[in-house]
Amino acid sequence: MSASPTAAVLGEIGLPAPVGELALRPWDVIIVGAGHNGLACAAYLAQAGKRVLVLEARTRVGGACTIEQPFPEHHSKVRMSPCAYLAGLLHPRVVEELKLPERGFRWTPAVNGLFVPLHDGSSVQLWDDDARCEAEVRGFAPQDVEGWCAMCDVMRRLRDALRPEGDGDVWIGEAPTPEEIDARLGRDHEARRLLYEWSMADFVEYYLRDERLQTAYLGQGVIGTNASPFDPGTASIRFHHASGRLGGMPGMWGYVHGGMGMVSFYFCDAAREAGAVVATGVPVGKIVPGEGVALEDGEWIGAPVVISNADPRVTLRLLGKEAESAWRAKVESVPIEGCTVKLNVLLRELPNFKARPGTDEPHHYGQINAPLTKEEWKNGFAASKRGELPEYLWCELYFQSVHDRTSVPKGQHTMSVFAQYVPYAFAKGDWYTRREEVRRLALKSLGRFCSNLDTAVIDAQVLGPPDIERKVGLTGGHIFQGECLPPYMWSNRLSARTPMPGMYLCGACTHPGGSVIGINGRNAAMAVLKDWGKRFA
């Protein structure tokens, strides 16, 4: 692990003082929710000299990006991030300004890329090294080399136009207007179609001819998104997840040493070091903009600024009649029903993939997809919309333990499984009665490509959308606090500023969107500091 004080207690930091005592102190800012963005926001504001109180309903900080012991009864030494799993969009500016490397932050880039075993027994390893990946494509589908290069190039052009290194990155600050985006894209019609129009199927079919290679990429357009890869705009989800520059490596993802929750823990360390007070196990019952919050037990804590790290539907509930009507309508217009199931799995050995046998192979060090055929994608999405389970799930797999042996006892491995599509509510039964069925389905979907899964699995935790909602507080179990499709992004996304004076947002519902980014929290802090002088001059 590290010397992080927050990590030393796995984020369960408790109360720094009795609630009644905290209520008597003068506060400039109250932040509702100690997810990673709320903690980053607190750090920036505290460093600027503001008196900041962070209130978290759960006993552990980090929200969806934390570290837990998912198998406490039998495997107490196993530590996993229950929801978040990889770093890629974590903003370099936040990493630098909050001094994460000095706090112990380390990550291993997943340069081995994406491995996809296919239904005909073949497989493809889509390395994150361009030359190596091009060679793989040349051997797998030689007729697609030129198209694959063009597909990578449009992604690169769009990233460089919107997210160049430095101050020109449009993720920093307020969202760009459509006119500002148009000016950056110029006459690049393919980049515009990628950003706004193409389905993921349109995107891969435009550049690639081999259906196996098309299939290998389809899941990258729907991660965390309640839409089919055949729905317009899903290619933008692929761009969103490929637009990072963590470690100066464009589009790269990787494994945080100690687990993804370490990011939140380091943010918490930074906030507390700067003077912010973080209190857990303190649920807020009501927000009054410009005045403060009432706790669920009735205790009142005053502050002229309240920032919500909760999702926008929870924030609406906490605001009640204080919510401005047009803003309420906008919040309610954003779809927020999740369709993903997360499995945290303990293994005796890594999966042995029939297409490339072995239990310690290069593909285990990157990411792995258990793909669907195009027909399975269509049928699966339709089934979930009916409240039913599909025949197979698309699964994406990550193995923290191959990079970080501190996460498990010797001789064991962890596997994170991120799968779609599952219904939030079943037409028949519920998540309590059908959880084991979902577990079997996920392992069956993966197992059709493996030879050893039945004997490899020791234990598995299953988190469906209602479980994520209950456990983390994300309405609908939607991991991005609302859809990230084009109609809900950029200037259409919620702003850190709200129409209610003294009320701000800092979570994934704000620009630039979902994932473990941290810049949402920074953007909110900068907005508060910019407005502070105007309001209190």
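Selection within the stretch 345-354: residues that are farther than 11 Å from VAL402 by Cα and touching a Phe, Trp or Tyr at 6+ places or on another chain (Cβ under 7 Å). The member of this set that is surrounded by the fewest Cβ atoms within 10 Å (Cβ to Cβ) is LYS354. Being closer than 24 Å to GLY11 by Cβ and in contact (Cβ under 8 Å) with a residue 60 or more places away in the chain holds for only one residue in GLU73, GLU97, GLU102, and it is GLU97. In the stretch 422-481, counting only helices (runs of 4 or more DSSP H) that sit wholly within it, the ones holding 1 or more residues that are acidic (Asp, Glu), within 14 Å of GLY338 (Cα to Cα) and touching a helix residue (DSSP H, G or I) at 6+ places or on another chain (Cβ under 9 Å) span 465-472.
Scanning the stretch 319-362 for residues that are within 23 Å of LYS410 (Cβ to Cβ) and assigned to a helix (DSSP H, G or I) yields one hit, PRO362. Each residue in the stretch 458-499 was checked for being open to solvent by 40 Å² or more (accessible area, probe 1.4 Å) and under 15 Å from the mean Cα position of the chain (by Cα), and 2 of them qualify. Looking only at the stretch 263-300, residues that are outside any helix (DSSP H, G or I), in contact with a Pro (Cβ under 9 Å, 6 or more places away or on another chain) and not acidic (Asp, Glu) come to 7 in all.
For the stretch 28-121, the helices (runs of 4 or more DSSP H) that sit wholly inside it and include 3 or more residues that are of a type in the set (A, V, I, L, M, F, W, C) are 36-47.
Kindly indicate whether any position in the stretch 319-341 is of a type outside the set (D, E, K, R), touching a strand residue (DSSP E or B) at 6+ places or on another chain (Cβ under 8 Å) and without any contact (Cβ under 8 Å) to a residue 60 or more places away in the chain. Yes. Evaluating ALA175 against the criteria (1) under 30 Å from ASN369 (Cα atoms); (2) among the small types (Gly, Ala, Ser); (3) touching a His at 6+ places or on another chain (Cβ under 6 Å) leaves one unmet condition, (1). Listed by position, the helices (runs of 4 or more DSSP H) inside the stretch 133-212 whose residues that are closer than 30 Å to ASN37 by Cβ and in contact (Cβ under 8 Å) with a residue 12 or more places away in the chain number at least 3 are 145-162, 178-185. Only one of the listed residues (LEU453, LEU441) is touching a residue at least 12 places away in the same chain (Cβ under 8 Å), surrounded by fewer than 22 Cβ atoms within 10 Å (Cβ to Cβ) and touching a Gly at 6+ places or on another chain (Cβ under 8 Å). That residue is LEU453. Scanning the stretch 130-179 for residues that are surrounded by 14 or more Cβ atoms within 10 Å (Cβ to Cβ) and under 18 Å from HIS511 (Cα atoms) yields a total of 13. All of (1) in contact with a strand residue (DSSP E or B) (Cβ under 8 Å, 6 or more places away or on another chain); (2) modelled with pLDDT of 95 or more hold for THR475 with one exception: (1). Note on the stretch 363-393: residues that are part of a loop (DSSP other than H, G, I, E, B) and open to solvent by 20 Å² or more (accessible area, probe 1.4 Å) total 6.
CYS509 meets the conditions (1) within 30 Å of ILE30 (Cα to Cα); (2) surrounded by fewer than 20 Cβ atoms within 10 Å (Cβ to Cβ) in every case but one. The failed one is (2). Can you confirm whether the stretch 247-260 contains a residue that is assigned to a strand (DSSP E or B) and open to solvent by 10 Å² or more (accessible area, probe 1.4 Å)? No, the stretch 247-260 contains no residue that is assigned to a strand (DSSP E or B) and open to solvent by 10 Å² or more (accessible area, probe 1.4 Å).
The values are calculated or read from the model by the stated rules, or taken from the named source; none is laboratory data. No experiment lies behind these values; they were computed from the predicted model shown. Because the Cβ atoms are built from the backbone with ideal geometry, glycine has one as well, and the counts that use them run over all protein chains shown. Areas reflect the complete protein model, heavy atoms only, side chains present, ligands, DNA and RNA absent. Shrake-Rupley method; radii C 1.70, N 1.55, O 1.52, S 1.80 Å.
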